[in-house]
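Please read the structure below before turning to the comments.
The values are calculated or read from the model by the stated rules, or taken from the named source; none is laboratory data. This one's a predicted model, so the numbers in the text were calculated from it and none came from an experiment. Methodologically, a virtual Cβ is constructed for each residue, glycine included, from the backbone with ideal geometry; neighbour enumeration extends over all protein chains shown. All accessible areas refer to the heavy atoms of the entire protein, side chains included, with ligands and DNA or RNA removed. Shrake-Rupley method; radii C 1.70, N 1.55, O 1.52, S 1.80 Å.
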Amino acid sequence: MSGTLYIVGTPIGNLSDFSPRAVQVLSSVDFIAAEDTRVTLKLLTHFGIKKPLISYFEHNKWQRGGGILDRIAAGENCALVSDAGMPAISDPGELLVKQAAERGIPVAAVPGPSAVVTALAVSGLPTGRFTFEGFLSVNRKSRREHLEEVKNEHRTMVFYEAPHKLLATLQDMLAAWGDRELALARELTKVHEEVRRTTLSEAAEYYAQNPPRGEFVLVIHGAAAPEKEVLSLEDATALARTLMAEDSLSASAAAKQAAAESGRRKNEIYRVLTAKEEK
């Protein structure tokens, strides 16, 4: 009978954020697949957990994944962890979960901290809709193509960035999009947590003078939605009459649809329509 692959979220800084359930799962599995066994060993030692560790990271995921899944299929339980946050999110664990699903191996999530959601929550930018874009390519051409691709994205965007690439990324974003509001978050949940709420131009200027340190999460305001063209009342009413004639809509239904398409208010269109009918 098959075992289970557990996807276990680990702290992004503060070890107190590690959940009791996560401790229980890591204590109960047969082995743990870790992005960096040295980092995970420190976490396990802190919580008094002793389990066999196997490395699973970007450069060995194709060679190592099959063996991990074979052991689970044979009945062992495995916990997958990354260095910080939820595995499989901008992380090689994505492949292991996909392969497990293809083989019918049960996958269970043990939720934990996420730098994406944490940074978004404290950014002060719109959070109702957002898109996670991960890391930009180190290749400048590919990076600029990515930025051009999301230039007109209206949702708040979240990126990861390394300190040595931060300034070039900010400059490329400014060149591609113009100035935007953004929040730069680093050292989240740690003693020196910092959230800098500023603009692309100010951030580029600041980090040109102050070399960045630590891994960053960039939360950036989406593009402004284009202003909707508002038709004249005469044109909106003509549209409503066409809808009534061609689609057999009632005056009320035609006014509602014409309002949605024209930017006018339904009531004013309906008033003109019914006034014409009364005459």
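Select from His192, His221, His154 the residue whose mean-square fluctuation is largest in a Gaussian network model of the chain (Cα-Cα springs shorter than 10 Å).
His192
Could you tell me the center-to-center distance, by alpha carbons, between the range 43-93 and the range 110-174 in angstrom?
Cα centroid to Cα centroid, the span is 27 Å.
With a point put 7 Å past each Cα toward its Cβ, work out how far Asp70 is from Glu202 in nm, to one decimal.
5.7 nm
With axes computed from alpha carbons, what is the tilt in degrees of helix 140-149 against the longest principal axis of the chain, rounded to the nearest 10 within 0 to 90?
40 degrees
I need the shape label for the chain. Rule: rounded when a/c is under 1.5, else prolate if a/b > b/c, else oblate, with a, b, c from the alpha carbon gyration tensor.
prolate
With axes computed from alpha carbons, what is the tilt in degrees of helix 37-46 against the longest principal axis of the chain, rounded to the nearest 10 within 0 to 90?
The two axes meet at around 80 degrees.
Using only Cα atoms, tell me the angle between helix 61-73 and the longest principal axis of the chain; keep it within 0 to 90° and round to the nearest 10.
It is inclined by approximately 80 degrees.
Short version: ³J(HN,Hα) in whole Hz for each residue of the range 176-182, in order, from phi by Karplus 6.51 cos²θ - 1.76 cosθ + 1.60 (θ = phi - 60°), x for Gly and Pro, what are they?
Working through the residues one at a time gives 7, 10, x, 6, 9, 6, 7 Hz.
Explain nothing, just the number: relative contact order of the chain, from Cα pairs under 8 Å at least 6 residues apart, as a whole percent. Mind showing how you got there, number by number?
On the way: 472 pairs, mean separation 47.1, N = 279.
Relative contact order of the chain: 17 percent.
What residues qualify as long-range amide H neighbours of Asn77, i.e. H under 5 Å apart, gap of 5 or more or another chain, H built at 1.01 Å from N?
The list, which skips near neighbours in sequence, is Thr4, Asp30, Phe31.
Which one of Asn139, Asn14, Asn267 has the biggest mean-square fluctuation once the chain is modelled by GNM with Cα springs under 10 Å?
Per the Cα network of the chain with a 10 Å cutoff, Asn267 tops the list.
Evaluate the relative contact order of the range 233-274 (contact order divided by residue number), counting alpha-carbon pairs under 8 angstrom at least 6 apart; express in whole percent. Write out the running numbers ahead of the final one.
Working: 42 pairs, mean separation 18.5, N = 42.
Here the relative contact order equals 44 percent.
Counting pairs on different chains as well as pairs 8 or more places apart, how many Lys pairs in the range 179-279 have Cα atoms under 20 Å apart?
Numbers: Lys228/Lys256; Lys228/Lys266; Lys256/Lys266; Lys256/Lys276; Lys266/Lys276.
Lysine pairs meeting both conditions in the range 179-279 amount to 5.
Of the trypsin sites (Lys or Arg not before Pro) in the range 1-91, which ones lie in a loop per DSSP and count no more than 11 other C-beta atoms within 10 Å? All intermediate terms of the calculation are to be shown ahead of the outcome.
Working: sites: Arg21, Arg38, Lys42, Lys50, Lys61, Arg64, Arg71; in loops: Lys50.
Here the sparse-neighbourhood loop sites are Lys50.
The chain: longest stretch without exposed GluC sites (Glu not before Pro) (DSSP loop, at most 12 other Cβ within 10 Å), sites themselves excluded? Let's see the in-between values first.
On the way: sites that count: Glu58, Glu227, Glu229.
After excluding every exposed loop site, the longest remaining stretch is 59-226.
Summarise the accessible area of the chain (1.4 Å probe, protein heavy atoms) by the percent that is carbon and sulfur. Write down the numbers at each step before the final one.
Values: 7640 of 15160 Å².
About 50 percent, which is the carbon plus sulfur part of the accessible surface.
With the alpha-carbon atoms as the only input, what is the per residue convex hull volume for the range 134-265 in Å³? Kindly include the intermediate steps, with their values, before the conclusion.
On the way: hull volume 21.5 nm³, N = 132.
Output value, Cα hull per residue: 163 Å³.
Could you give the accessible area per residue of the range 116-220, probe 1.4 Å, as a whole number in Å²? Walk me through the numbers before you get to the answer.
Values: 5550 Å² over 105 residues.
About 53 Å² of surface per residue is accessible.
Each residue of the range 167-174 in turn: what ³J(HN,Hα) in whole Hz from Karplus with 6.51, -1.76, 1.60 and θ = phi - 60°, glycine and Pro shown as x?
Result, ordered by residue: 4, 4, 5, 4, 5, 5, 5, 4 Hz.
Hand me the trypsin sites (Lys or Arg not before Pro) from the range 181-261 located in a DSSP loop with no more than 13 other Cβ atoms within 10 Å, in residue order please.
Details: sites: Arg186, Lys190, Arg196, Arg197, Arg213, Lys228, Arg241, Lys256; in loops: Lys190, Arg213, Lys228.
Listed in order of number, the matching sites are Lys190, Arg213, Lys228.
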